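Visitor: Please read through the structure below; I'll follow up with questions.
Each reported figure results from applying straightforward, stated rules to the coordinates on display, with no laboratory input. Since the structure is predicted, the reported quantities are computational estimates derived from the model, not experimental observations. All Cβ positions, glycine included, derive from the backbone under ideal geometry; neighbour counts span all protein chains shown.
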């Protein structure tokens with residue numbers, strides 16, 4: 001199996017998975033665009049039981065475009081955005097693909113919140129596209 005692992009810019013907040021992600025994709029919601037400072041956030045989804053975190057995460061909690069709350073965790077040292085969810089509470093975590101040690105492992109298959117995608121962001125070919133969060 002490929003080694004899915006990564007961390008923030010300075011290395012103070014790290015993660016490692018013992019299984020591949022369940023899905024990989026791009027989120028075009030307004031929240032993710034604001035959090036990333038980009039046109040979308042590339043993400044991977046893992047069950048919490050398959051992840052191990054080291055270092056201290058600083059959470060930022062905001063209203064989610066799909067309803068409820070979004071918890072984004074970043075490094076308190078360098079500010080790098082690393083993962084979503086709450087360690088020890090969430091059954092599932094999103095990992096931001098930009099944190100991967102080996103970027104070639106990211107192969108998006110879905111696009112979510114396409115309704116919020118700016119016109120200047122082009123969709124990669126071959127993605128399954130959802131206007132909102134797939135249900």
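Visitor: Can you show me the helix-derived [θ] at 222 nm for the chain, built from DSSP H runs with n ≥ 4 at -39,500 (n - 2.57) apiece and divided by the number of residues, rounded to the nearest 500.
Guide: After summing the helix terms and dividing by residue count, I get -1500 deg cm²/dmol.
Visitor: Something else now. Sorted from fewest to most neighbouring beta carbons within 10 Å, what does the list 109, 33, 14 look like?
Guide: On the way: 109 12, 33 20, 14 17.
Least to most surrounded, the residues fall as 109, 14, 33.
Visitor: Give the span of the chain's Cα atoms along each principal axis, as three whole-Å numbers ordered largest to smallest.
Guide: 37, 33, 27
Visitor: Between residue 132 and residue 10, what's the calculated FRET efficiency when r is the beta-carbon distance and R0 is 25 Å? Round to 0.05.
Guide: Numbers: r = 35 Å, r/R0 = 1.39.
About 0.10, to the nearest 0.05.
Visitor: Provide the gained length on full extension for the span residue 50 to residue 77, in nm with one decimal, where the gain is 0.36 nm per separating residue minus the Cα-Cα distance. Let's see the in-between values first.
Guide: Values: separation 27, 0.36 × 27 = 9.72 nm, distance 2.53 nm.
Here the answer is 7.2 nm.
Visitor: Provide 61, 110 in ascending order of the number of other Cβ atoms located within 10 Å of each residue's Cβ, fewest first.
Guide: Numbers: 61 10, 110 17.
Going from least to most buried by this count: 61, 110.
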